[in-house]
Amino acid sequence: FYLAATGLAEPGQRPMDPADGGCALASFGFALVNISHLLNLELRRDGLLPAGLELRVQVGIHSGEAIAGVIGHKTFQYDLVGDAVNTAARMCSSSSPGRVLVSESTYERLLCRRFGAEPRGRSEVKGKGQMATLFLLNGPPAKTLDETLSDSDDTLSEASMASVRQM
(Lines give C-alpha, C1' and ligand atoms only; values in the text may rest on other atoms or scores of the structure.)
Protein backbone atom coordinates (compact mmCIF):
# COMPACT_ATOMS: atom_id res chain seq x y z
CA PHE A 1 0.00 0.00 0.00
CA TYR A 2 1.41 3.38 -1.01
CA LEU A 3 -0.01 6.79 -0.11
CA ALA A 4 0.71 10.02 -1.98
CA ALA A 5 -0.70 13.44 -1.17
CA THR A 6 -0.69 16.78 -2.91
CA GLY A 7 -1.59 20.30 -1.87
CA LEU A 8 -0.04 20.06 1.59
CA ALA A 9 0.92 23.50 2.84
CA GLU A 10 4.56 24.56 2.55
CA PRO A 11 5.62 27.15 5.13
CA GLY A 12 6.20 30.51 3.48
CA GLN A 13 4.78 29.47 0.10
CA ARG A 14 1.48 30.25 -1.55
CA PRO A 15 -0.87 27.23 -1.50
CA MET A 16 -1.29 25.39 -4.79
CA ASP A 17 -4.58 25.47 -6.66
CA PRO A 18 -6.42 22.30 -5.52
CA ALA A 19 -7.41 21.46 -9.12
CA ASP A 20 -3.74 21.57 -10.20
CA GLY A 21 -2.82 19.25 -7.33
CA GLY A 22 -5.69 16.90 -8.14
CA CYS A 23 -4.64 16.69 -11.80
CA ALA A 24 -1.02 16.09 -10.81
CA LEU A 25 -2.06 13.27 -8.49
CA ALA A 26 -4.30 11.69 -11.13
CA SER A 27 -1.46 11.89 -13.66
CA PHE A 28 0.83 10.22 -11.12
CA GLY A 29 -1.76 7.45 -10.69
CA PHE A 30 -1.86 6.84 -14.44
CA ALA A 31 1.95 6.84 -14.53
CA LEU A 32 1.99 4.10 -11.86
CA VAL A 33 -0.50 2.02 -13.83
CA ASN A 34 1.47 2.47 -17.05
CA ILE A 35 4.86 1.71 -15.52
CA SER A 36 3.49 -1.48 -13.95
CA HIS A 37 2.99 -2.91 -17.46
CA LEU A 38 6.61 -2.13 -18.37
CA LEU A 39 7.84 -3.51 -15.07
CA ASN A 40 6.01 -6.79 -15.74
CA LEU A 41 7.68 -7.07 -19.15
CA GLU A 42 11.15 -6.41 -17.75
CA LEU A 43 10.74 -8.77 -14.80
CA ARG A 44 9.41 -11.50 -17.07
CA ARG A 45 12.27 -10.93 -19.55
CA ASP A 46 14.82 -11.23 -16.73
CA GLY A 47 13.17 -14.39 -15.38
CA LEU A 48 12.17 -12.73 -12.11
CA LEU A 49 8.41 -12.98 -12.59
CA PRO A 50 7.01 -16.49 -12.94
CA ALA A 51 4.59 -17.21 -15.77
CA GLY A 52 1.01 -16.54 -14.78
CA LEU A 53 1.89 -13.92 -12.18
CA GLU A 54 1.57 -10.21 -12.79
CA LEU A 55 2.20 -7.08 -10.72
CA ARG A 56 -0.96 -4.99 -10.76
CA VAL A 57 -1.61 -1.46 -9.60
CA GLN A 58 -4.95 0.01 -8.64
CA VAL A 59 -5.33 3.65 -7.63
CA GLY A 60 -7.91 5.52 -5.57
CA ILE A 61 -8.29 9.29 -5.21
CA HIS A 62 -10.33 11.41 -2.83
CA SER A 63 -9.90 14.98 -1.63
CA GLY A 64 -10.52 16.82 1.59
CA GLU A 65 -8.92 17.99 4.79
CA ALA A 66 -6.18 16.11 6.59
CA ILE A 67 -3.82 16.68 9.48
CA ALA A 68 -0.11 16.04 9.08
CA GLY A 69 2.65 15.84 11.64
CA VAL A 70 5.62 13.99 13.03
CA ILE A 71 4.78 11.24 15.50
CA GLY A 72 6.90 9.01 17.71
CA HIS A 73 9.31 9.28 20.64
CA LYS A 74 12.28 7.16 19.59
CA THR A 75 11.62 6.62 15.90
CA PHE A 76 10.04 9.58 14.18
CA GLN A 77 7.57 9.19 11.37
CA TYR A 78 5.66 11.74 9.31
CA ASP A 79 1.98 10.82 9.25
CA LEU A 80 -1.10 12.09 7.47
CA VAL A 81 -4.51 11.35 8.98
CA GLY A 82 -8.11 12.32 8.44
CA ASP A 83 -11.36 11.27 6.83
CA ALA A 84 -10.08 12.20 3.36
CA VAL A 85 -7.07 9.91 3.81
CA ASN A 86 -9.28 7.02 4.93
CA THR A 87 -11.69 7.58 2.03
CA ALA A 88 -8.81 7.68 -0.47
CA ALA A 89 -7.61 4.34 0.93
CA ARG A 90 -11.14 2.95 0.47
CA MET A 91 -11.18 4.23 -3.12
CA CYS A 92 -7.91 2.38 -3.72
CA SER A 93 -9.12 -0.90 -2.21
CA SER A 94 -12.41 -0.60 -4.13
CA SER A 95 -10.69 0.13 -7.44
CA SER A 96 -9.89 -2.46 -10.09
CA PRO A 97 -6.40 -3.44 -11.27
CA GLY A 98 -5.11 -1.02 -13.88
CA ARG A 99 -7.77 1.57 -13.06
CA VAL A 100 -7.98 4.88 -11.19
CA LEU A 101 -11.11 5.16 -9.05
CA VAL A 102 -12.21 8.58 -7.83
CA SER A 103 -15.06 9.78 -5.66
CA GLU A 104 -17.72 11.72 -7.51
CA SER A 105 -17.23 14.80 -5.32
CA THR A 106 -13.51 14.89 -6.08
CA TYR A 107 -14.08 14.40 -9.79
CA GLU A 108 -16.60 17.25 -9.96
CA ARG A 109 -14.50 19.60 -7.82
CA LEU A 110 -11.00 18.93 -9.13
CA LEU A 111 -10.74 16.70 -12.19
CA CYS A 112 -13.70 17.17 -14.53
CA ARG A 113 -11.98 19.81 -16.66
CA ARG A 114 -8.93 17.68 -17.42
CA PHE A 115 -10.01 14.02 -17.38
CA GLY A 116 -12.88 12.02 -18.73
CA ALA A 117 -14.64 9.51 -16.49
CA GLU A 118 -16.70 6.37 -16.70
CA PRO A 119 -19.39 6.13 -14.00
CA ARG A 120 -19.02 3.09 -11.81
CA GLY A 121 -22.24 3.78 -9.97
CA ARG A 122 -22.97 3.74 -6.28
CA SER A 123 -21.26 1.17 -4.14
CA GLU A 124 -20.88 0.40 -0.47
CA VAL A 125 -17.68 1.92 0.93
CA LYS A 126 -16.61 0.69 4.36
CA GLY A 127 -17.17 3.37 6.97
CA LYS A 128 -18.84 5.73 4.46
CA GLY A 129 -21.98 3.92 3.27
CA GLN A 130 -23.11 4.31 -0.34
CA MET A 131 -20.82 6.51 -2.45
CA ALA A 132 -20.94 7.46 -6.10
CA THR A 133 -17.61 6.69 -7.77
CA LEU A 134 -16.12 6.97 -11.25
CA PHE A 135 -13.24 5.36 -13.08
CA LEU A 136 -10.99 8.12 -14.35
CA LEU A 137 -10.00 7.98 -18.02
CA ASN A 138 -6.52 8.99 -19.10
CA GLY A 139 -7.76 11.52 -21.60
CA PRO A 140 -9.79 14.70 -21.80
CA PRO A 141 -13.50 14.81 -21.05
CA ALA A 142 -15.95 14.51 -23.94
CA LYS A 143 -16.43 18.28 -23.95
CA THR A 144 -13.64 20.58 -25.08
CA LEU A 145 -11.88 22.70 -22.49
CA ASP A 146 -13.59 25.88 -23.75
CA GLU A 147 -17.07 24.25 -23.63
CA THR A 148 -16.41 23.02 -20.11
CA LEU A 149 -15.21 26.43 -18.98
CA SER A 150 -18.15 28.26 -20.56
CA ASP A 151 -20.55 25.89 -18.75
CA SER A 152 -18.83 26.47 -15.42
CA ASP A 153 -19.33 29.21 -12.85
CA ASP A 154 -15.66 28.93 -11.94
CA THR A 155 -13.04 30.81 -13.89
CA LEU A 156 -9.38 30.04 -14.31
CA SER A 157 -6.69 32.68 -14.35
CA GLU A 158 -5.06 33.43 -17.70
CA ALA A 159 -1.86 31.73 -16.46
CA SER A 160 -3.80 28.60 -15.53
CA MET A 161 -5.60 28.61 -18.89
CA ALA A 162 -2.30 28.92 -20.76
CA SER A 163 -0.75 26.02 -18.83
CA VAL A 164 -3.81 23.78 -19.37
CA ARG A 165 -3.91 24.54 -23.11
CA GLN A 166 -0.21 23.62 -23.41
CA MET A 167 -0.89 20.12 -22.01
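The values are calculated or read from the model by the stated rules, or taken from the named source; none is laboratory data. No experiment lies behind these values; they were computed from the predicted model shown. When we count neighbours, we look across all protein chains shown, and the Cβ atoms used for this are built from the backbone with ideal geometry, even at glycine. Note: accessible area is taken over every heavy atom of the protein model, side chains too, but ligands, DNA and RNA are not part of it. Shrake-Rupley method; radii C 1.70, N 1.55, O 1.52, S 1.80 Å.
Descriptive notes on the structure:
- The residues packed around Leu48, meaning those with a beta-carbon under 14 Å from its beta-carbon, carry a net charge of -1 if Lys and Arg are +1 and Asp and Glu are -1.
- Estimated from helical segments only, the mean residue ellipticity of the chain at 222 nm is -11000 deg cm²/dmol, where each DSSP H run of four or more residues counts as -39500 (n - 2.57).
- The Kirkwood radius of segment 28-97, taken over pairs of alpha-carbon atoms, gives through the Stokes-Einstein law at 37 °C and 0.692 mPa s a diffusion coefficient of 224 µm² s⁻¹.
- Residues Ile35, Ile61, Ile67, ordered by accessible area of protein heavy atoms at a 1.4 angstrom probe radius and largest first, appear as Ile67, Ile35, Ile61.
- For His37, His62, His73, the ranking by accessible surface with the largest value first comes to His73, His37, His62, using a 1.4 Å probe.
- In the chain, the alpha-carbon atoms span a convex hull of 180 Å³ per residue.
- Loop-located trypsin sites (Lys or Arg not before Pro) in segment 28-104 (DSSP state not H, G, I, E or B) with no more than 16 neighbouring Cβ atoms inside 10 Å: Arg56, Lys74.
- Of the chymotrypsin sites (Phe, Trp or Tyr not before Pro) found in segment 1-46, the ones in coil according to DSSP and having at most 13 other Cβ atoms within 10 Å of their Cβ are Phe1, Tyr2.
- Rounded to the nearest 10 square angstrom, Glu124 shows an accessible area of 120 square angstrom against a 1.4 Å probe.
- Solvent-accessible surface of segment 1-80, taken per residue with a 1.4 Å probe and all protein chains present: 77 Å².
- Sorting Val70, Val81, Val33 by solvent-accessible area of protein heavy atoms yields Val70, Val81, Val33, largest first, with a 1.4 Å probe.
- By the combined test of axial Cα extent (at least 18 Å) and Kyte-Doolittle hydropathy (mean at least -1.0), the qualifying DSSP H helices of the chain come to 18-45.
- Between Leu80 and Glu54, residue separation times 0.36 nm minus the direct Cα-Cα distance comes to 6.3 nm.
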